[in-house]
């Protein structure tokens, strides 16, 4: 009886140890997310007057669903980039305009989501709006999708200009008819932005900031955004009128993966 009891106790102990060993990594990782460095801030803490329409938190984007890593609809940036945007906002407010951001810091998991979507050639749900003239097989070759994004370094922002007083923008309803992003402003999905010639994230050469086909008021609006930001240290990506990176970047070689969430910030942001 004693030997049997000892054997049973030994078996129970071994099974308990095996169970703990199996569960320990999962338990240790549960609820644990990477945090942002201390010099990342919520833009609203630096300038609450800048409008925020974080598209990847919504289904109104080229993927057609909320993108991985966007836990809250908020703009997070390195502090130098956020403060430079504040100075740009001050200039624009005096002229009757406000900035509006579409995307700021973007976690690597969101970029990975884009890559998976781009490789799924059967998913064409948002083509009619965001890439009507681009074959999805060309998204990597043509530079629309990449496995790394400057947004993940924390100093890149996608943004536009809105004339004051800002009108509300109606929400997108999944499944509604889509209109090409380069259609005339009164035909494409409504946006309270000034007319930039295309919508945000329009996969088309008309989105190139200085495309010669974009003239008149549309070109003037692009140049207002460009001139305001470049005077404060931002550099435009020539292929996207909405895309600017603050230089010098505090993290030029680091691609972060903390979620877009106030919980990711180490301060009170």
| If residue 96 satisfies every condition in (1) on the phi > 0 side of the Ramachandran plot; (2) buried (at least 23 other Cβ atoms within 10 Å of the Cβ) but one, which is the exception? | (2)
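Go through segment 134-151 and report how many residues are farther than 17 Å from residue 124 by Cβ and in a loop (DSSP other than H, G, I, E, B).
6
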| Taking the condition at pLDDT 95 or above and either crowded, with 20+ Cβ neighbours inside 10 Å or assigned to a loop (DSSP other than H, G, I, E, B) (or both), does residue 122 pass? | yes
| task | Can you run down the residue pairs with Cβ atoms below 9 Å, 6 or more apart or on separate chains, where the first is in segment 176-190 and assigned by TED's automatic domain parsing to the domain that holds residue 200 and under 19 Å from residue 219 (Cβ atoms) and the partner is at pLDDT 95 or above and surrounded by fewer than 14 Cβ atoms within 10 Å (Cβ to Cβ)? | result | 182/133
| Which of the following residues is assigned to a loop (DSSP other than H, G, I, E, B), over 21 Å from the mean Cα position of the chain (by Cα) and crowded, with 16+ Cβ neighbours inside 10 Å: 218, 185? | 185
| request: State yes or no: is residue 224 surrounded by fewer than 21 Cβ atoms within 10 Å (Cβ to Cβ), in the same structural domain as residue 100 (by TED's automatic domain parsing), in a loop (DSSP other than H, G, I, E, B) and modelled with pLDDT of 95 or more? | output: no
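Restricted to segment 152-171, and to residues that are assigned to a loop (DSSP other than H, G, I, E, B) and in contact with a helix residue (DSSP H, G or I) (Cβ under 9 Å, 6 or more places away or on another chain), which residue is surrounded by the fewest Cβ atoms within 10 Å (Cβ to Cβ)?
Filtering first and then ranking leaves 164.
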| remark: In segment 106-135, residues that are in contact (Cβ under 8 Å) with a residue 40 or more places away in the chain, out of contact with any helix residue (DSSP H, G or I) (no Cβ under 6 Å at 6 or more places or on another chain) and within 30 Å of residue 35 (Cα to Cα) total 8
| query | In segment 36-49, is there at least one residue being within 24 Å of residue 143 (Cβ to Cβ) and in the same structural domain as residue 153 (by TED's automatic domain parsing)? | reply | no
| message | Could you check segment 70-93 and list, in sequence order, the residues that are buried (at least 16 other Cβ atoms within 10 Å of the Cβ) and assigned to a loop (DSSP other than H, G, I, E, B)? | response | 71, 74, 75
| message | If I filter segment 125-141 down to residues being within 13 Å of residue 177 (Cα to Cα) and within 20 Å of the chain's Cα centre (by Cα), which single residue comes out as surrounded by the most Cβ atoms within 10 Å (Cβ to Cβ)? | response | 129
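The values are calculated or read from the model by the stated rules, or taken from the named source; none is laboratory data. Computed from a predicted structure; not experimentally measured. Note: ideal-geometry Cβ built from the backbone for every residue, glycine included; neighbour counts use all protein chains shown.
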